[in-house]
Amino acid sequence: MVGYVLAVDALAIAVLGGSLVGVDIASGDWIRFAALAAGSAIHIEAGREIDRLRWSAAEGATYVNLKAMWVFASVLILPLPLAIAITALSYLHSWSRLRRSAPHRNVFSASTVVLASAAAVVCLTTLNPDGHPGYTGGAIGLVAVSVAATAYWFINYTLVVGAVVLSNPDSSARKALGQLSDQFLVAGAIGLGITTAALLIYQPWLAVAQLITVLGLHRALLVGQFQTAARTDSNTGLANTVFWHEIATKELERARNNHTPLGVLYLDLDHFKAINDTHGHLAGDQVLKAVAAELKHDVRTGDLVGRLGGEEFAILLPNASPDETTNAAERIRRRIAGLVITVTTQRGPATVDGLTCSIGAATYPTAGHTLDGLLLAADTATYTAKSSGRNRVITAPHVHAN
């Protein structure tokens, strides 16, 4: 696996070096480069929360994104070094905002795109030597772009599947290949890249309308997909227990494969029944929403907060050591203790403060080796925190593997 990844990375570096020899970059190329880089950045920012969930759900299979829209457009209308720069900026931006994979995995993914881009350029310059960089119409232009798009997809897909198979030898080949619908998504992204390239050549200002359209479709289609699949908690907007367990299972599998830690926090609000009894259930729901908002604000981008029911919450902390998990729990406990929440009651607005919580912290692999084991350890620690006086964090003890 290591040899395979290093070989792909080295070949991508060689392609970059070769592309710099005798390259001629015009001022118009820099303008189009800036436009594509800006479009890619806006696209990543607008869809990063959706892509974070999609990435988590894709463990053990190929992960499909829409970066091809910007990268393939740059392959068509920019010199190869600038197209490679678009790829590098896109993946660096995505990784810096999501941080859902180790840096070497992100470098490998970018390297596969660099090699796919180089293959596409070879097809374009072979079939239509006078049309690259640029976009030419007619039958020859259509054939050249179609062949280049196929080569781009095939090289990238084959290299990624190879890495998935090598890194997950116990996984089925069918899972490694991913869903056919994902490849239609890639085809759509490449098609959008072709139209983006044509617009930047002939009608640059219309590319803005293209970007707005893509952002709308991206969010509408993928948000709808995950609302159905994830079924978020309707009151707090957090992941519900079904989806939280699904993502937690994937993250635990990833932690096991990568030999990295994973933290789980089990949080129970103290004396929450008294809030309902004093101010009513509507006020209780408002308190839960406020707590959920604080939890989402306090955790890292890659963490996942779920509501398990009632006043109980679970927080998943990928790649968090035991100390980091405990520190996160203490930070959350203090944050909730400082909340001052205005609620609506039958007697008018009221203030809820002095809210506290009890948190149990457990970390893989020190406190458990399965998700059920981790949740049991965290739940037991929470019960200990409750019985010890509440408003505290208890860390689950270490266990030994069987």
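The values are calculated or read from the model by the stated rules, or taken from the named source; none is laboratory data. Predicted model, so just to flag it, every value in this text is computed and none were measured. Virtual Cβ from ideal backbone geometry, glycine too; neighbours counted across all protein chains shown. Ligands, DNA and RNA are stripped out before the accessible areas are found, and what is left, the full protein with its side chains, is counted by its heavy atoms. Shrake-Rupley method; radii C 1.70, N 1.55, O 1.52, S 1.80 Å.
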Exercise. Measure nothing fancy, just the Cα-based angle from helix 2-19's long axis to the longest principal axis of the chain, in degrees from 0 to 90, nearest 10.
Key: 50
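For LEU92 and VAL21, FRET efficiency with R0 = 35 Å and r from the beta-carbon atoms, rounded to 0.05?
So the FRET efficiency works out to roughly 0.90.
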Quiz item: Helix 206-230 versus the longest principal axis of the chain: what angle, 0 to 90°, nearest 10, using Cα atoms?
Solution: 40
Quiz item: ³J(HN,Hα) across the stretch 25-37 via Karplus (A = 6.51, B = -1.76, C = 1.60, θ = phi - 60°), whole Hz, x for Gly/Pro?
Solution: 10, 8, 4, x, 5, 5, 5, 5, 4, 4, 5, 5, 5
Quiz prompt | Solvent-accessible area, 1.4 Å probe, carbon plus sulfur percent, for the chain | solution = 62
Practice problem: Might you tell me the accessible area per residue for the stretch 246-294, computed with a 1.4 Å probe and given in Å²? | Solution: 42
Quiz item: Which value in deg cm²/dmol, rounded to the nearest 500, describes the helix-derived mean residue ellipticity at 222 nm for the chain, given -39,500 (n - 2.57) per DSSP H run of n ≥ 4 and division by the residue count?
Solution: -22500 deg cm²/dmol
Quiz item: Roughly how tilted is helix 103-127, in degrees to the nearest 10 and between 0 and 90, from the longest Cα axis of the chain?
Solution: 20
Quiz item: What lysines could a cross-link reach from LYS67, if we take a straight Cα to Cα line under 24 Å and drop same-chain neighbours fewer than 8 places away?
Solution: LYS175, LYS250
Quiz item: Among [x] 1.12; [y] 1.16; [z] 0.95, which one is Cα Rg over 2.2 N^0.38 Å computed from these coordinates?
Solution: [y]
Quiz prompt | Nonlocal amide H pairs with THR395, under 5 Å, H built at 1.01 Å | solution = ALA361
Quiz item: If the cut-off is a Cα-Cα distance under 13 Å, which aspartates and glutamates reach LYS273, setting aside same-chain residues fewer than 8 apart in sequence?
Solution: ASP285, GLU311, GLU312
Exercise. Sort 366-378, 259-271 for me by packing, meaning the mean count of neighbouring Cβ atoms within 10 Å per residue, highest on top.
Key: 259-271, 366-378
